Amino acid sequence: MLSETLRDYRDTDSRRVENLTRGISHIMLSLAKKRQPCIGSLRFNDDLSITLANRPLLCTSSILESEGAPRILDKTYKTCGHFIDDMLKFREEAFSAQPNAMNDEEDCHLQMLHNL
């Protein structure tokens, strides 16, 4: 029974990490099975419902915004084309916001390639 075994394993970090990882992967697979109406991120509402209503939240855009890049990705997107257009615009604005962020032309090209 769970009540008997939980006491033995509750302090085992590897088991907790494994269970957390497995749980997150199950959630991601469940979400991937359902066709979404737009590109964005989930919002947890006060009435305990979940809606796809926030702008796409990307790790790289969050980092660049915290370093001074303007916020361009500020809505949900109906098509991949519009999302990609705004991502390219965001990358261009991020580079413009930090003109000293690269060492030379080659470094600039490498950063542009890695950040797409």
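Tabulated data
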| read-out | value |
| --- | --- |
| Test result for Phe95, of a type in the set (Phe, Trp, Tyr), within 18 Å of the chain's Cα centre (by Cα) and either assigned to a helix (DSSP H, G or I) or loosely packed, with under 12 Cβ neighbours inside 10 Å (or both) | no |
| Considering residues of the stretch 60-116 that are among the aromatic types (Phe, Trp, Tyr) and within 16 Å of Ile39 (Cβ to Cβ) only, the residue modelled with the lowest pLDDT | Phe90 |
| Condition check for Cys80: surrounded by fewer than 16 Cβ atoms within 10 Å (Cβ to Cβ), in contact (Cβ under 8 Å) with a residue 40 or more places away in the chain and out of contact with any Cys (no Cβ under 8 Å at 6 or more places or on another chain) | yes |
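The values are calculated or read from the model by the stated rules, or taken from the named source; none is laboratory data. Note that this is a predicted model, so its numbers are computed, not measured. Don't worry about glycine lacking a Cβ; one is built from the backbone with ideal geometry, like all the others, and counts go over all protein chains shown.
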